[in-house]
1. Applying the selection to segment B:27-48, what residues are in a strand (DSSP E or B), more than 10 Å from chain A (Cβ to nearest Cβ) and farther than 19 Å from A:Thr108 by Cα?
2. Condition first: touching a strand residue (DSSP E or B) at 6+ places or on another chain (Cβ under 9 Å), over 27 Å from B:Tyr33 (Cβ atoms) and either aromatic (Phe, Trp, Tyr) or more than 10 Å from chain B (Cβ to nearest Cβ) (or both). Can you find one or more residues in segment A:86-107 that meet it?
3. Which residue, of A:Asn99, A:Asn7, A:Asn22, is farther than 30 Å from B:Phe49 by Cα, at pLDDT below 95 and surrounded by 13 or more Cβ atoms within 10 Å (Cβ to Cβ)?
4. Looking at the structure I just gave you, is B:Ser66 buried (at least 18 other Cβ atoms within 10 Å of the Cβ), small (Gly, Ala, Ser) and either free of Cβ contacts under 8 Å to residues at least 40 places away in the same chain or not in a strand (DSSP E or B) (or both)?
5. So if I check each of B:Leu77, B:Leu21, which one is in a strand (DSSP E or B), surrounded by 19 or more Cβ atoms within 10 Å (Cβ to Cβ), away from every other protein chain (no Cβ under 14 Å) and under 11 Å from the mean Cα position of the chain (by Cα)?
6. Which count do you get for residues in segment A:49-76 that are outside any strand (DSSP E or B) and more than 14 Å from chain B (Cβ to nearest Cβ)?
7. Quick check, is A:Ser79 within 14 Å of chain B (Cβ to nearest Cβ), surrounded by 16 or more Cβ atoms within 10 Å (Cβ to Cβ), of a type outside the set (Phe, Trp, Tyr) and not in a strand (DSSP E or B)?
Amino acid sequence: QKEVEQNSGPLSVPEGAIASLNCTYSDRVSQSFFWYRQYSGKSPELIMSIYSNGDKEDGRFTAQLNKASQYVSLLIRDSQPSDSATYLCAVDSVNAGNNRKLIWGLGTSLAVNP
Amino acid sequence: EPEVTQTPSHQVTQMGQEVILRCVPISNHLYFYWYRQILGQKVEFLVSFYNNEISEKSEIFDDQFSVERPDGSNFTLKIRSTKLEDSAMYFCASTAANYGYTFGSGTRLTVV
């Protein structure tokens, strides 16, 4: 059974701080990794995708991938109250027939306090 | 920016009734998906669809579920006889090969 694990939180940070979100996954052959933001009652919204080891930066967001450790993280710099949401880690899983699907973590609830 | 459109946004149905959830994927995408999220639980894969047929389905996707792409633009999920435990948010997604997934805004299904 392929799994994606995240700390459910809540993670609480003050406004302006760095929020660090972590994710581990079990499928060693996965190549594509995504962070989605989900507000309550809404659909997931793609924040970052990462495909190679190392860091990928986009504005205030940095995704980090370590395939050897099967670990993905998301850093949010200068956190804003509007960043308060649940952050979902999703891993692209490909089966023997080359069919893709996303395997999801439960999500980490982030609260940014003004 | 292209969007995946889902209708209705909220559907309330009685147990045992049939429901059809509708999705219009992004026009040049080739792969289509349904996922669901029961309140407080993980997003779960239901089914993927490519080239007018199911490419993969999960254990959840039993005989009560079916998908169709009736006219080249719509992509529907039918639940034949709804159960209380089918109450969830249902998300449609589409993707071109090797790119990220775009999700629709979801349909909240409430079975009473």
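1. B:Phe32, B:Trp34
2. no
3. Matching residue, one of A:Asn99, A:Asn7, A:Asn22: A:Asn7.
4. No.
5. B:Leu77
6. 7
7. Against the criterion (within 14 Å of chain B (Cβ to nearest Cβ), surrounded by 16 or more Cβ atoms within 10 Å (Cβ to Cβ), of a type outside the set (Phe, Trp, Tyr) and not in a strand (DSSP E or B)), A:Ser79 does not qualify.
The values are calculated or read from the model by the stated rules, or taken from the named source; none is laboratory data. These figures come from a predicted structure and were not determined experimentally. Positions of Cβ are backbone-derived with ideal geometry, glycine not excepted, and every protein chain shown enters the neighbour counts.
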